[in-house]
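The values are calculated or read from the model by the stated rules, or taken from the named source; none is laboratory data. Predicted, not measured: the structure shown is a model, and the values here were computed from it. Neighbour counts are summed over all protein chains in view; Cβ atoms, including those assigned to glycine, are modelled from backbone coordinates with ideal geometry.
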Amino acid sequence: MRVTHPLSWCVRLCALTLLAAAAVGPGVARAQPALRIAVLKFGTVSWVMDVIAHHGLDKENGIRIDELELASNQATLVALQAGRVDCVVSDWLWVSRQRASGADWTFFPFSTALGALIAARGAPIHGLADLRNRRLGVAGSPLDKSWVILQALAQEQHVDLARAAQLSFGAPPLVDQELLAGRLDAVLTYWNFAAQLESRGMPAVLPMSDALRQLGFKAAIPLVGYVVSERWAREHAGVLAAFVRATRQADSILAKSDAEWDWLGPRTQARDPAELKALRAAFRAGIPAHWGKDERREASALYALFARVGGQALVGSSLALQPGTFLDTVSY
């Protein structure tokens with residue numbers, strides 16, 4: 001019987017390992033660093049992720065983006081808190097509330113797009129005072145941020161909308177259908193639903209971006225953004241920087257290329273070219289142009305407004321924006 005020296009087995013094993021690595025290629029042998037993000041299947045974040053994938057912007061920046069499609073915003077937050085993903089899109093009010101409770105979530109911008117007050121076709125509604133005794137549908141809940149902004153502006157005009165209007169709260173598709181069916185005189189709805197209504201001939205009485213300007217805010221404030229763990233951002237600084245570059249490149253493509261929107265059209269669920277055009281214009285208007293000290297200072301002032309009008313039910317126990325809410329390593 002032949003006895004093989006143990007060292008020869010080690011040599012053979014090493015040789016086989018090297019051959020296997022060479023066979024599968026360098027891309028598999030050294031996997032790209034990944035960022036896991038939770039998205040809604042037909043949400044606007046998925047549009048950006050589609051553009052990144054379509055143009056290979058993730059590979060170009062040396063990362064892999066793994067998407068987890070979920071059915072609701074709440075489900076994405078649960079996935080983030082459970083560690084199933086590294087990133088979601090939410091608002092900085094949620095981030096600040098979580099930080100006040102000891103969490104380390106932090107925020108950088110996705111969009112400055114806000115909702116709008118849309119009137120029924122032919123309704124005699126041209127300003128907030130015209131909402132007295134009118135049927136007003138509000139997308140979301142009484143704590144919706146656009147509703148808080150609208151109330152704040154109405155208060156300056158000596159209109160108590162909570163008492164003066166006949167209010168109905170509900171999901172955006174529901175309130176929009178009620179408007180189209182003639183059972184509401186106006187709706188306050190999210191920006192993409194507002195764009196759809198405008199494309200069908202419903203007039204925009206007051207975009208919430210205009211409402212903020214009337215309240216004295218000068219900068220375009222991104223209420224919605226990417227949320228990650230501060231610790232994760234610190235430990236994966238290279239991955240995060242690559243992700244930011246990829247998303248900014250995708251935003252640039254969406255801002256400049258109409259052809260990109262023709263390709264993306266089915267993902268938006270636009271009913272016709274007019275609706276797609278309206279969605280395109282509204283999305284482009286919401287792409288953050290600047291994110292620096294001025295915008296963060298105005299966001300802190302807006303938080304104070306939310307605390308004053310929405311109270312503890314909206315902002316939680318902290319009357320001031322929590323330190324670290326905005327990720328200080330991301331600015332443009």
* To do: Filter the stretch 304-325 down to residues that are aliphatic (A, V, I, L, M) and assigned to a loop (DSSP other than H, G, I, E, B) and give me whichever is surrounded by the most Cβ atoms within 10 Å (Cβ to Cβ).
  => Leu321
* Those residues of the stretch 226-243 which are over 22 Å from Val39 (Cβ atoms) and in a strand (DSSP E or B), in sequence order -> none
* Asked: Of all the residues that make up the stretch 121-136, how many are in a loop (DSSP other than H, G, I, E, B) and either in contact with a helix residue (DSSP H, G or I) (Cβ under 8 Å, 6 or more places away or on another chain) or within 17 Å of Gly311 (Cβ to Cβ) (or both)?
  -> 4
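Pick from Ala31, Ala100, Ala120: which is loosely packed, with under 13 Cβ neighbours inside 10 Å and either small (Gly, Ala, Ser) or assigned by TED's automatic domain parsing to the domain that holds Ala171 (or both)?
Details: Ala100 fails: loosely packed, with under 13 Cβ neighbours inside 10 Å; Ala120 fails: loosely packed, with under 13 Cβ neighbours inside 10 Å.
Answer to the check: Ala31.
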* To do: Could you check, for the stretch 205-217, whether at least one of its residues is closer than 20 Å to Gln74 by Cα and surrounded by fewer than 22 Cβ atoms within 10 Å (Cβ to Cβ)?
  => no
* Asked: In the stretch 50-70, which residues are of a type in the set (A, V, I, L, M), without any contact (Cβ under 8 Å) to a residue 40 or more places away in the chain and in a helix (DSSP H, G or I)?
  -> Ala53
* Within the stretch 140-147, can one find any residue that is at pLDDT 95 or above, in contact with a Lys or Arg (Cβ under 9 Å, 6 or more places away or on another chain) and surrounded by 17 or more Cβ atoms within 10 Å (Cβ to Cβ)? -> no
* **Residues within the stretch 180-196 that are more than 28 Å from Glu298 (Cβ to Cβ) and in contact with a helix residue (DSSP H, G or I) (Cβ under 7 Å, 6 or more places away or on another chain), tallied** => 2
* Could you list, in sequence order, the residues of the stretch 202-257 that are more than 23 Å from Asp294 (Cβ to Cβ) and either polar (S, T, N, Q) or at pLDDT below 95 (or both)? -> Ser229, Gln249, Ser257
* Structure fact -> The number of residues in the stretch 265-294 that are within 17 Å of the chain's Cα centre (by Cα), touching a residue at least 40 places away in the same chain (Cβ under 8 Å) and either assigned to a helix (DSSP H, G or I) or at positive phi (or both) is 7
